[in-house]
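The block underneath contains the structure these notes are about, expressed in structure tokens.
The values are calculated or read from the model by the stated rules, or taken from the named source; none is laboratory data. Computed from a prediction, not measured in an experiment: that's the story for all the values here. Heads up, the Cβs are rebuilt from the backbone with ideal geometry, glycines too, and the neighbour counts pull from every protein chain shown. The accessibility values were calculated without ligands, DNA or RNA, using every heavy atom of the protein model including side chains. Shrake-Rupley method; radii C 1.70, N 1.55, O 1.52, S 1.80 Å.
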Amino acid sequence: MNTRLPTILAAFLSVLCASAVNPVFAGPLNPPVGPVASTPGPEPRTPINAVNTPGDADSLFKITQRGSYYLTGNITGVAARHGVEIAASGVTLDLMGFELLGVAGSLGGVLATASSLTNITIRNGSVRAWGDAGVNLAGFGAINSAVIDVRASSNTGTGIVIGSYSTITGCTAYQNTGNGISAAFNCTITGCTVSDNTGTGIATGQGSTITACMASRNAARGISTGDGCTITGCTAQLNTADGIMAGNGNTITGCTASYNTANGISAFSGSTISNCTAAFNVLNGIRVSNGCVVLANACSFNGNGGDGAGIHATGADNRIESNNCITADRGIDVDAPGNIIIKNTCSGNTINWTIVANSVVGPILDRTAPASAAISGNSAPDSTGTTHPNANFTY
């Protein structure tokens, strides 16, 4: 008898069972025609160095081809030279957390130096003490670019400059001789901090959006925009001019402007200012010209060391509604006829209301001596003294 037969049979059964549990699938019986295509990998990155990106007469390093580049260490500037010039579109430069440090007489830190460049990104590092702008992606008309997580400080020029249709995200600009951040039109600036710059903290052209930014202690305005911009959730304080100065047709929502040397928030014709706080500014808390909506803002302690109102409207066709204005030289100050003033409250101002003739004004009820008793429980009588839906109150 063949003694190997049981062993061979057992092995065969074992393989058969394994195949049933973990079946092995072959390729298709009719594979597609043509060569097998490889899966593309990430685009290779190029280190910045004298071999890959040699400089020229006015730059330490120069990028002349599209692609992804990165620093391998800190860069120290040289007099009469830029740090990194970019002369091609489609460039991403990752600073890798390193610093470009300028010296006396140096030029700009990182800048675009060819005409009509697009799609440039600078990210993740520090650009400090250059003799011109820290990062300038607006030169020669560069557009559609991005600066992300860059710290620009102590540059003899603006900290970060971008061209139109570009974004700046998560950056800081500190103690630059020019503006902290300058942007052309239709730009988006998000989550940035700008402070102690000699110029304006953030300055943009028309159609731009500024969200969740802080501008403080700048020697000019905190935030300044062109027409048709949106400013949301920003803080402007201790600036040596207006905290926020907006052009025509702006929307300013949920912002705080305090301790500025001029107005807290100032906007031109056709703008909307809502749900903002303006406090302790030397001039007015909020100042508007014509055709604006000023809605549900809290204005307190303005005219702080100067002369100002909680809200000051200098022109006509404004709607001033549901604001609270306290402890200023004037609560609500309206210079021109043809405005509507309803549902506001004023208290503790030297003059609570100063409104020129021929505006539409809800009745103003003086509640400086409130008639309500102490309240504890689930209900209380109406102590407003009026049922008029558009009444203003002095309290």
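Tabulated data for the structure shown
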{"quantity": "Length-normalised contact order of segment 253-395 in % [C-alpha pairs under 8 Å, at least 6 apart]", "calculated": "16 percent"}
{"quantity": "Scaled radius of gyration (Cα, divided by 2.2 N^0.38 Å) that segment 230-352 gives", "calculated": "0.89"}
{"quantity": "Net charge dipole size for segment 318-395 [Lys, Arg +1 and Asp, Glu -1 on Cβ; Debye, nearest 20]", "calculated": "120 debye"}
{"quantity": "Dipole of segment 296-395 [Lys/Arg +1, Asp/Glu -1 at C-beta], most positive-end residue of I375, P389, C346", "calculated": "I375"}
{"quantity": "Full-extension gain in nm, V356 to T253, via 0.36 nm per residue minus C-alpha separation", "calculated": "34.3 nm"}
{"quantity": "Sequence ranges 380-390, 91-101, 290-300, ranked by mean other-Cβ count within 10 angstrom, highest first", "calculated": "290-300, 91-101, 380-390"}
{"quantity": "Formal net charge of residues neighbouring Y395 (Cβ-Cβ distance under 9 Å; K, R +1; D, E -1)", "calculated": "0"}
{"quantity": "In order through segment 243-255: 3J(HN,Hα) via Karplus (6.51 cos²θ - 1.76 cosθ + 1.60), integer Hz, x for Gly, Pro", "calculated": "x, 10, 10, 10, x, 7, x, 8, 10, 10, 9, x, 9"}
{"quantity": "Accessible surface, per residue, of the chain when the full set of protein chains is kept, probe 1.4 Å, Å²", "calculated": "46 Å²"}
{"quantity": "Furthest towards positive pole of dipole, I273, G157, A296, structure part the chain, Cβ charges", "calculated": "G157"}
{"quantity": "Among 302-309, 344-351, the order from most to least packed when residues are scored by Cβ within 10 Å on average", "calculated": "302-309, 344-351"}
{"quantity": "Amide proton proximity set for T394, modelled H, under 5 Å, gap of 5+", "calculated": "C346, L365, D366, R367"}
{"quantity": "Contour minus Cα-Cα distance for V78 and F140 (0.36 nm per residue)", "calculated": "20.0 nm"}
{"quantity": "Nonlocal amide H pairs with D132, under 5 Å, H built at 1.01 Å", "calculated": "G108, G109, T156"}
{"quantity": "Crossing angle, helix 5-21 versus the chain [Cα axis fit, 0-90 degrees, rounded to tens]", "calculated": "20 degrees"}
{"quantity": "Gyration tensor (alpha-carbon) shape descriptor, segment 124-252, a/c threshold 1.5", "calculated": "oblate"}
{"quantity": "Net charge of neighbours whose Cβ lies under 14 Å from the Cβ of N155, counting Lys and Arg as +1 and Asp and Glu as -1", "calculated": "-1"}
{"quantity": "Antiparallel bridges, percent of DSSP beta bridges restricted to segment 193-276 (to nearest 5)", "calculated": "0 percent"}
{"quantity": "Rounded, prolate or oblate (a/c below 1.5 giving rounded, otherwise prolate when a/b exceeds b/c) for segment 125-164 by Cα gyration tensor", "calculated": "oblate"}
{"quantity": "Helix-only CD estimate at 222 nm, as mean residue ellipticity for the chain, using -39500 (n - 2.57) per DSSP H run (n ≥ 4)", "calculated": "-1500 deg cm²/dmol"}
{"quantity": "J(HN,Hα) series, segment 79-93, from Karplus relation 6.51 cos²θ - 1.76 cosθ + 1.60, nearest Hz, glycine and proline x", "calculated": "4, 6, 9, 6, x, 10, 9, 10, 10, 8, 7, x, 10, 10, 10"}
{"quantity": "Length-normalised contact order for the chain - Cα pairs under 8 Å, 6+ apart - percent", "calculated": "6 percent"}
{"quantity": "The chain - charge dipole about Cα centre, Lys and Arg +1 at Cβ, Asp and Glu -1, debye rounded to 20", "calculated": "900 debye"}
{"quantity": "Antiparallel content of DSSP bridges confined to the chain, in %, to 5", "calculated": "0 percent"}
{"quantity": "Cα lying deepest toward the dipole's positive end in the chain, options I48, F61, G228, charges on Cβ", "calculated": "I48"}
{"quantity": "Formal net charge of residues neighbouring A309 (Cβ-Cβ distance under 11 Å; K, R +1; D, E -1)", "calculated": "-2"}
{"quantity": "Kirkwood Rh and Cα Rg combined as Rg/Rh, the chain", "calculated": "1.28"}
{"quantity": "Amide proton proximity set for A257, modelled H, under 5 Å, gap of 5+", "calculated": "A236, T277, A278, A279"}
{"quantity": "Under the Karplus curve 6.51 cos²θ - 1.76 cosθ + 1.60, θ = phi - 60°, whole-Hz ³J(HN,Hα) for segment 271-288, x wherever Gly or Pro sits", "calculated": "9, 10, 10, 9, 6, 9, 10, 10, 9, 6, 7, 5, 9, 7, x, 10, 10, 10"}
{"quantity": "Carbon/sulfur fraction of accessible area - segment 184-266, other protein chains in place, 1.4 Å, %", "calculated": "50 percent"}
